[in-house]
Amino acid sequence: MPEQTIEADNLHLWRGERHVLRGVSLRLARGSCLEVCGANGAGKTTLLRVLSGLIYPEEGRVLWNGENVRRDLRAFHAVLAYLGHEPPLKADLTARENLHYWIGVRRSLESEELDAALGRVGARTWCDRLVRTLSAGQRRRVALAGLALLPVPLWLLDEPTTNLDGEGREVVGELIREQLARGGMVVAAVHHGLPASLRNLTRLDLAA
């Protein structure tokens, strides 16, 4: 397989007078996971948004396979999945309908695949309820099912275990392990650490 890498080169970003990212650099290759840690306000979410190309730094650059992602953001976005604090779900659609439309715009999706993903995250018994009736943890599980249905090389995850119980956190660990085993990459911003059993796990601490 061809080498795939995501790199950040000397990223600097300000919010008003506040210097949020201060010369952040990183590099991940296939099968690697980066755990981004830091207190509230340290810039974890900002770093993920810069890596995804959603916001631009004042200095520095993000490289995908050695090329600046700004040269073709559409192509770059096609190879990544971004899961933020709030799952990208429509309140007046069911969990199943959300996945059908969310994932369906990116790839063809068979109903058997959809059912399997919902079952995997423990959502099968309530997947036909409207999302606005679901708990925060249930909504997070729906988002994880969507993540499992996106076979892309790069995952950017912002607090992926938020609102999940112990079983749900184990699902997150399993999904990340599978992503790494197939040669994917994961950058995860966390308050609580990812499972210690994950291989090729490195850590980046951001100062507040």
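For the stretch 39-98 versus the stretch 134-198, the inter-centroid distance based on Cα atoms is 15 Å. Across the stretch 149-162, rounded Karplus estimates of 3J(HN,Hα) from the backbone phi angles (6.51 cos²θ - 1.76 cosθ + 1.60, θ = phi - 60°) give 8, 10, x, 10, x, 10, 10, 10, 10, 9, 6, x, 9, 4 Hz, Gly and Pro being marked x. Just to compare against my own numbers: the Cα pair-distance distribution for the stretch 91-151, 10 Å bins, whole % per bin, please. Calculated over all Cα pairs of the stretch 91-151, the distribution is 26, 61, 14 percent. With bins 5 Å wide beginning at 0, the percent of Cα pairs of the chain falling in each bin runs 1, 7, 16, 19, 20, 16, 12, 7, 2, 0, 0. Residues whose amide H lies under 5 Å from that of A81, counting only those 5 or more places away or on a different chain, are L154, W155, L156; hydrogens are built 1.01 Å from N in the peptide plane. With the helix formula -39500 (n - 2.57) applied to DSSP H stretches of n ≥ 4, the chain reaches a computed 222 nm mean residue ellipticity of -9000 deg cm²/dmol. Close amide H contacts of T94 (hydrogens built in the peptide plane, cut-off under 5 Å, sequence separation of 5 or more or a different chain): V131.
Read the figures in this text as sums done on the coordinates, not as results from a lab. Since the model is a prediction, treat every value here as computed from it, not as a measurement.
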